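Structure record follows, encoded as structure tokens.
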Amino acid sequence: MPPSLDRRSFLAAAGATAAAAALSRAAHAASTTARIRLGAPVSVPGNDPDALARAHRAKGYRAGYCPDIRLDDRERLRATVEAFARHDVVIAEVGRWVNLLDPDPEARRKNVSTVTEGLALAEAVGARCCVDIAGSFSTTSWFGPHPDNLSERFFDGAVENARKILDAVKPTRTAFCYEMMAWSLPDSPDACLRLLKAVDRKAFAVHLDPCNLVNSPERYYRSSDLVRECYAKLGPHIASVHAKDLTWDVAMAVHFREVRIGLGSIDYAVLLAEHARHAPDAPLMLEHLPNEAEYDAARDRVVAVGSTIGLRFE
């Protein structure tokens, strides 16, 4: 042992090296059978389906968000499905961001109808899922915190809505998901498992967003453990994944802020290895960035980290 390296430092360094080697082996084993499908928001003038699919591939993406298409526009639906398949771009998700548990009964009814239409669109284009949050009882924000968002009443309402939406569409090639949230159910991997069991529908799946679960200093400091737990428990049920990063803005109250991947605390070597191991077919979708240059930088960071552990995206 070098004289400048004490025993504790030596053991820590050795442990880190062993962990990195194990991470690389796990990722390499998974990468021999699949490539990770990375995606992000992409747009083209005129929204021509073939041009849009080619634009995704030009950016290095093999997954995309569903284009803005009306469910009754059969010709554009057909053209989109054919173009994305021709260029090997999977439609990852149809987002329908409304409050399914709105305190106003009429608003709730309309929102359930909106998400039902979204699931029908996901089925029509063969998207991996239609996703929304489970909702909120807040009267001031469609997604905001409320003390009852972690209650049995909330859980029961989320189960009822999921069943209603799924039973109306009866999808065979897509899924319906609730995105994880920091202050509403599902707020943990175990909460996701409980919902899967309670909804009891084959087409009910998991939408993974580990950053949305970081709601305490413990989870922030142990985010890699949280990522491992999510993939280990939920892997077979994951339909799509949101990829972003978090930093902690230090003030008198705890405030975590979303940032571009590489500027925060999430260890993407861990996340990518776990993704490749447990859910390689689920698209990994960049989100919540202000412009194309930021998305390009996030993509480059993910690809660079992935390459160090033997993963491929193209």
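The values are calculated or read from the model by the stated rules, or taken from the named source; none is laboratory data. On a predicted model such as this, the values are computed, not experimentally measured, just so you know. We place every Cβ from the backbone using ideal geometry, glycine too, and count neighbours over all the protein chains shown. Surface accessibility is based on the protein's heavy atoms, side chains included, excluding ligands, DNA and RNA. Shrake-Rupley method; radii C 1.70, N 1.55, O 1.52, S 1.80 Å.
Taking H placed 1.01 Å from N in the peptide plane, check which residues at least 5 places from Cys129 or on another chain put their amide H under 5 Å from its amide H.
Sorted by chain and number, the residues that satisfy this are Glu93, Val94, Ala175.
Report, in degrees rounded to the nearest 10, the 0 to 90 angle that the Cα long axis of helix 7-31 makes with the longest principal axis of the chain.
Tilt relative to the chain: about 40 degrees.
Give me the 1.4 Å probe accessible area per residue for region 241-314, excluding ligands and nucleic acids, in Å².
Averaged over the residues of region 241-314, the accessible area is 45 Å².
Can you say what percent of the DSSP beta bridges in the chain, counting only those with both residues inside, are antiparallel? Round to 5.
Taking every DSSP beta bridge with both residues in the chain, the antiparallel ones total about 15 percent.
With every protein chain kept in place and ligands, DNA and RNA left out, what is the accessible area per residue of region 125-165? Probe 1.4 Å, answer in Å².
Per residue, region 125-165 has an accessible area of 43 Å².
Tilt of helix 292-308 relative to the longest C-alpha principal axis of the chain, in degrees (0 to 90, nearest 10)?
Rounded to the nearest ten degrees, it is 50.
For the chain, give the magnitude of the charge dipole about the Cα centre (Cβ charges: +1 Lys/Arg, -1 Asp/Glu; no others), in debye to the nearest 20.
920 debye
Report in % the part of the accessible area of the chain that belongs to carbon and sulfur, leaving out ligands and nucleic acids; probe 1.4 Å.
The nonpolar share, carbon plus sulfur, comes to 54 percent.
Can you tell me the orientation of helix 49-58 relative to the chain, as the angle in degrees between its alpha-carbon axis and the longest Cα principal axis, to the nearest 10?
The helix 49-58 is inclined about 0 degrees to the chain.
Could you please report the charge total around Glu117, scoring K, R as +1 and D, E as -1 over all other residues with beta-carbon less than 12 angstrom from its beta-carbon?
0
Mind jotting down a quarter of the surface of the convex hull over the alpha carbons of region 134-282, in square nanometres, one decimal?
9.5 nm²
Which residue, Pro105, Pro45, Pro145, has the most motion in a Gaussian network model of the chain that connects Cα atoms within less than 10 Å?
So, out of Pro105, Pro45, Pro145, the one fluctuating most is Pro45.
Rg and Dmax of the chain over Cα atoms: what are they, in angstrom?
20.3, 74
Pick from Ala51, Ala279, Ala122 the residue whose mean-square fluctuation is largest in a GNM of the chain, springs joining Cα atoms under 10 Å.
Residue with maximal mean-square fluctuation among Ala51, Ala279, Ala122: Ala51.
If you add up the charges near Cys192, with Lys and Arg at +1 and Asp and Glu at -1, over every other residue whose beta carbon is less than 12 angstrom from its beta carbon, what do you get?
-2
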